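Below is one structure, written out as structure tokens; comments come after it.
The values are calculated or read from the model by the stated rules, or taken from the named source; none is laboratory data. Computed from a prediction, not measured in an experiment: that's the story for all the values here. Quick reminder, even Gly has a Cβ in these numbers, built from the backbone with ideal geometry, and neighbours come from all protein chains shown.
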Amino acid sequence: MDLGILGRNAFVCASTGGIGLAVADALAAEGVNVAVTGRRADVAAREAERIRQDYQVDAIGLGCDLLDADSRREALAQAVAALGPIDIILLNGPGPRPGGSEELQPVDVVEAARSLIAPHVDLVGQVLPGMKERGWGRIIAIGSYTMEQASTTLSLSAIGRAGLQRYLGALAREVAATGVTVNIVEPGLISTARVAALDEAAAAQSGQTTAQIRAERERSIPYGRLGKPAELAAAVAFFASDEARYLTGQSLRVDGGLYA
């Protein structure tokens, strides 16, 4: 299936590994030029070079600290200078620390908003005017199953991502007639460094081994295993496609049936 995005330009947040890198690969495979970004500028540069070689597209690797306004705006400006106007943006970033609701302090909630909402609102504000002017744009966020399902261990993630979800839902309605779509892909349990770290934390707290925790997670998933980053990236690529022009304001769970 031709997704109709050959030659488009994408800015992919937090894409030096895991889900973000898988999305950069999936878009590049469709002929999209990509900006690979992350706090590790050397890794971003290396992955961008690999993508150029593998897919014969333009790619640039950029150091970008999402929590630093100057850093993220400079990275975006460099991407535009190298690739051209941004047509597709993936809003993605590291999750907050795990923990339950009873232990939260007001400062924790402020931090969740600062890390999970504010950077993405800022980046959208930078790219949206151009998307509207050109009559085409794709804003896609990586969310979490905690947007739909209460979690006793990821309360900060749920608070921050729920706020992002409501912002993006309102935005989708506001810009629907302009050719810009706004959607969210919600990972379930995907095989990433983040999930591995959560396994280790759960093992330390419970007295079980990390392998036992992982086995329990896999048994809880109807599909029988954790998802692969590339499987989630395929959903992102479709949301980015020209064929998905009438899909907006949606949240799609990619979770192997975990929360069906």
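Among the candidates ALA240, ALA176, ALA158, the residue that is within 23 Å of ARG8 (Cα to Cα), surrounded by 15 or more Cβ atoms within 10 Å (Cβ to Cβ) and out of contact with any Asp or Glu (no Cβ under 6 Å at 6 or more places or on another chain) is uniquely ALA240.
Of all residues in the range 121-147, those that are closer than 16 Å to LEU91 by Cβ have Cβ atoms under 7 Å from Cβ atoms of residues that are surrounded by fewer than 16 Cβ atoms within 10 Å (Cβ to Cβ) and basic (Lys, Arg), 6 or more apart or on another chain, in GLN126/ARG73. Just one of the listed residues (ALA14, ALA22) is in contact with a Pro (Cβ under 8 Å, 6 or more places away or on another chain) and part of a loop (DSSP other than H, G, I, E, B), namely ALA14.
Residues in the range 25-65 that are within 19 Å of SER241 (Cβ to Cβ), of a type in the set (Asp, Glu) and assigned to a helix (DSSP H, G or I): ASP25 alone.
Rundown of residues vs (1) under 18 Å from the mean Cα position of the chain (by Cα); (2) over 24 Å from ALA22 (Cα atoms); (3) modelled with pLDDT of 85 or more; (4) in a loop (DSSP other than H, G, I, E, B), yes/no style:
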residue	(1), (2), (3), (4)
VAL182	yes, no, yes, no
VAL185	yes, no, yes, no
ARG194	yes, no, no, no
ALA204	no, yes, yes, no
ARG219	no, yes, yes, no
TYR223	no, no, yes, yes
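Against the numbered list (1) within 15 Å of the chain's Cα centre (by Cα); (2) among the hydroxyl-bearing types (Ser, Thr, Tyr); (3) within 23 Å of MET131 (Cβ to Cβ), SER71 comes up short only at (1). Remark: pairs (first residue in the range 154-165, part of a strand (DSSP E or B); second residue at pLDDT below 85 and of a type outside the set (A, V, I, L, M, F, W, C); Cβ separation under 6 Å; 6+ apart in sequence or on different chains) = LEU154/PRO98; LEU154/THR146. Is it the case that some residue within the range 41-55 is of a type in the set (A, V, I, L, M, F, W, C), surrounded by fewer than 22 Cβ atoms within 10 Å (Cβ to Cβ) and over 30 Å from LEU156 (Cα atoms)? Yes - at least one qualifying residue is present in the range 41-55. State all residues of the range 153-180 that are more than 16 Å from LEU116 (Cβ to Cβ) and at pLDDT 95 or above; if no residue qualifies, say none. Answer for the range 153-180, where residues must be more than 16 Å from LEU116 (Cβ to Cβ) and at pLDDT 95 or above: ALA170, ALA172, ARG173, GLU174, VAL175, ALA176, ALA177, THR178, GLY179, VAL180. For LEU198, state whether it is in contact with a helix residue (DSSP H, G or I) (Cβ under 8 Å, 6 or more places away or on another chain), in a helix (DSSP H, G or I) and either surrounded by 13 or more Cβ atoms within 10 Å (Cβ to Cβ) or modelled with pLDDT of 90 or more (or both). No: the conditions fail for LEU198.
Note on the range 232-260: residues that are of a type outside the set (A, V, I, L, M) and more than 30 Å from GLU174 (Cα to Cα) amount to 2. Taking the range 66-106 as the region of interest, how many residues are modelled with pLDDT under 85 and either more than 24 Å from ALA44 (Cβ to Cβ) or part of a helix (DSSP H, G or I) (or both)? Result for the range 66-106: 10. On the given criteria, is ALA79 in contact (Cβ under 8 Å) with a residue 60 or more places away in the chain, surrounded by 15 or more Cβ atoms within 10 Å (Cβ to Cβ), under 23 Å from PHE239 (Cα atoms) and more than 17 Å from the chain's Cα centre (by Cα)? So ALA79 passes the test.
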